[in-house]
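These notes concern the structure reproduced below.
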Amino acid sequence: MSDRVFSVILLPTSECNVACDYCFEHKEKHRLSRLMVPLLTKRLLEHMKHGGYEECEIYWQGGEAMLMGPQWFADTGAHMARAAHEAGKTFTHYLQTNLISYSSAWKEVILGLFQGELGTSMDYPNPHRKLFSGSAEGYTDIWTKRLKEAQRDGIEIGVIAVLHQGSIDIGAEAFYRYYTEELGLDNFQVNTPFPGGPANEVEGQFRLDNRELAAFLVELFDVWMERGFHSGVKLGPFDALMDHFQGQAARLPCIWKENCSNQFISVDSKGTVAQCDCWVTSYPEYFFGNIFQEPSLTRMLETSPARRAFVERPGRLVEDEDCLECRYLSICHGGCPVRAYSATGSLLKKDPYCEVYKAVFHTAETHAQKLLRRRKSSAPPDRVQPVLPSLGGALATSRRV
């Protein structure tokens, strides 16, 4: 059996309790029924058996996943664990939430099912994440309170920050201080924006100048290396890139997977299957099928014309774009298909942030090389062992005497 891992982004609901300006997801009042969980679990376990997967990582998000309530997750996790145990497989669960609904009622299920960790999001500055009946400032205040409550409950929290023009304008120094000093975080990551889904009036603020964005990220990388790298602050994707360029095992983000079609899918509350949450919530023309309506997930993925386009994308990029000439092709593989599709209308184009990625890769490579040289120069020299004569040599010498 293979020890490969299969990942599923599961959206138990498309409902949400906030009103972010730039959200690309289609919202509707629908939730994954408890009655459908056994069938969902069965389909996933069958696919794991066919593919030789020992483990399936489940990334629960939404919509807003916490609207399902802690007991729903406790019951669902327990059922999936029993079924996986009987099949000799493992489900590992992760939770991504806006944190607005957090209370200590979640503590037990997060410490158990989610290994004491959760992911959330907050941009800096925050003009776009808003409450339904309030401002962005009100959202930030409530989110910060919930963050502190979860931290007091012993939960480790990772934060995703989506960059926008305000982030660029405020500068890398102030940006870094907000997350590490004001929020007291030692684990956060930056994501590049993309205008997914239907166009809206704030999209212009997320079409960043690539040169400005690259300069910001390079400066942020330098700030992190100076202040956070050696003190244990994790800043993604920079930390994974440092691992990669130092020759260590690195878990790079999904945008740089060799081919995301081979490694994960997304399933919404109705059973719709697509490549990731961006596709399953925004682009019906690229749906793979329905996990509840088709008898085999494996067969669906093998025969879906929509998925075939994802499978063939890396080869097409090498043929049609300039990716083959790039020294970083083995890292990014042409970048994220949904970013390409949202910007150009074709997933057979390379990621529009190509030049930004190159600048970040070069910065990571430079820092990694400096570290490796420093370690090599400061390492104690190998101890020189004295050459002892062999028994035969000693006897020969005694004869000459």
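The values are calculated or read from the model by the stated rules, or taken from the named source; none is laboratory data. Everything quoted here is computed from the prediction, not taken from an experiment. Note that we place each Cβ from the backbone using ideal geometry, even for glycine, and neighbour counts take in every protein chain shown.
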Inset, instruction - With respect to Val159, determine if the residue is crowded, with 19+ Cβ neighbours inside 10 Å, in contact (Cβ under 8 Å) with a residue 24 or more places away in the chain, aliphatic (A, V, I, L, M) and touching a helix residue (DSSP H, G or I) at 6+ places or on another chain (Cβ under 6 Å). - result: no
Inset, instruction - Would you mind stating whether Ala274 is outside the structural domain of Cys332 (by the TED database), at pLDDT 95 or above, aliphatic (A, V, I, L, M) and surrounded by fewer than 17 Cβ atoms within 10 Å (Cβ to Cβ)? - result: no
Inset, instruction - Have a look at Glu86, Glu57, Glu64, Glu46 and point out the one that is more than 26 Å from Ser282 (Cα to Cα), surrounded by 15 or more Cβ atoms within 10 Å (Cβ to Cβ) and among the charged types (D, E, K, R). - result: Glu46
Inset, instruction - Tell me, please, whether a residue that is farther than 30 Å from His164 by Cβ, without any contact (Cβ under 8 Å) to a residue 60 or more places away in the chain and exposed (fewer than 15 other Cβ atoms within 10 Å of the Cβ) can be found in the stretch 4-22. - result: yes
Inset, instruction - Filter the stretch 335-346 down to residues that are without any contact (Cβ under 8 Å) to a residue 40 or more places away in the chain and over 23 Å from Ala215 (Cβ atoms) and give me whichever is surrounded by the fewest Cβ atoms within 10 Å (Cβ to Cβ). - result: Gly345
Legend entry - Matching residues, the stretch 67-109, being in a loop (DSSP other than H, G, I, E, B), out of contact with any strand residue (DSSP E or B) (no Cβ under 6 Å at 6 or more places or on another chain) and hydroxyl-bearing (Ser, Thr, Tyr): Ser101, Tyr102, Ser103
Legend entry - Among the candidates Leu317, Leu347, residue that is part of a loop (DSSP other than H, G, I, E, B) and closer than 29 Å to Gly289 by Cα: Leu347
Inset, instruction - Could you list, in sequence order, all residues of the stretch 120-163 that are within 20 Å of Glu108 (Cβ to Cβ), out of contact with any Phe, Trp or Tyr (no Cβ under 7 Å at 6 or more places or on another chain) and either at pLDDT below 95 or not hydroxyl-bearing (Ser, Thr, Tyr) (or both)? - result: Leu147, Lys148, Gln151, Arg152, Asp153, Gly154, Ile155, Glu156, Ile157
Inset, instruction - Please enumerate the residues belonging to the stretch 355-366 that are without any contact (Cβ under 8 Å) to a residue 24 or more places away in the chain and either basic (Lys, Arg) or in contact with a Ser or Thr (Cβ under 9 Å, 6 or more places away or on another chain) (or both). - result: none
Inset, instruction - Scan the stretch 301-323 and give yes if some residue there is assigned by the TED database to the domain that holds Leu10, touching a Lys or Arg at 6+ places or on another chain (Cβ under 8 Å), in contact (Cβ under 8 Å) with a residue 12 or more places away in the chain and at negative phi, otherwise no. - result: yes
Inset, instruction - Read through the list (1) of a type in the set (Phe, Trp, Tyr); (2) touching a Gly at 6+ places or on another chain (Cβ under 9 Å); (3) outside the structural domain of Ala250 (by the TED database), then give the number of the only condition that Phe361 fails. - result: (2)
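Results for (1) in contact (Cβ under 8 Å) with a residue 12 or more places away in the chain; (2) over 20 Å from Lys42 (Cβ atoms); (3) polar (S, T, N, Q); (4) in contact with an Asp or Glu (Cβ under 8 Å, 6 or more places away or on another chain), shown as yes or no for each residue.
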residue: Asn259; (1), (2), (3), (4): yes, yes, yes, no
residue: Lys270; (1), (2), (3), (4): yes, no, no, no
residue: Cys276; (1), (2), (3), (4): yes, yes, no, no
residue: Gly289; (1), (2), (3), (4): yes, no, no, no
residue: Pro295; (1), (2), (3), (4): no, no, no, no
residue: Cys326; (1), (2), (3), (4): yes, yes, no, no
residue: Leu348; (1), (2), (3), (4): yes, yes, no, yes
residue: Tyr353; (1), (2), (3), (4): yes, yes, no, no
Legend entry - 3 or more residues under 22 Å from Gly232 (Cβ atoms): qualifying helices (runs of 4 or more DSSP H) within the stretch 133-193: 136-152, 172-177
Inset, instruction - Select, from Gly154, Gly166, Gly138, the only residue that is surrounded by fewer than 16 Cβ atoms within 10 Å (Cβ to Cβ), over 24 Å from Trp72 (Cα atoms) and in contact with a Leu (Cβ under 8 Å, 6 or more places away or on another chain). - result: Gly138
Legend entry - Output for the stretch 37-85, where each listed residue is more than 15 Å from Ser266 (Cα to Cα), in contact with a helix residue (DSSP H, G or I) (Cβ under 6 Å, 6 or more places away or on another chain) and hydroxyl-bearing (Ser, Thr, Tyr): Thr76
Legend entry - Given (1) at negative phi; (2) within 23 Å of the chain's Cα centre (by Cα), index of the condition Gly335 fails: (1)
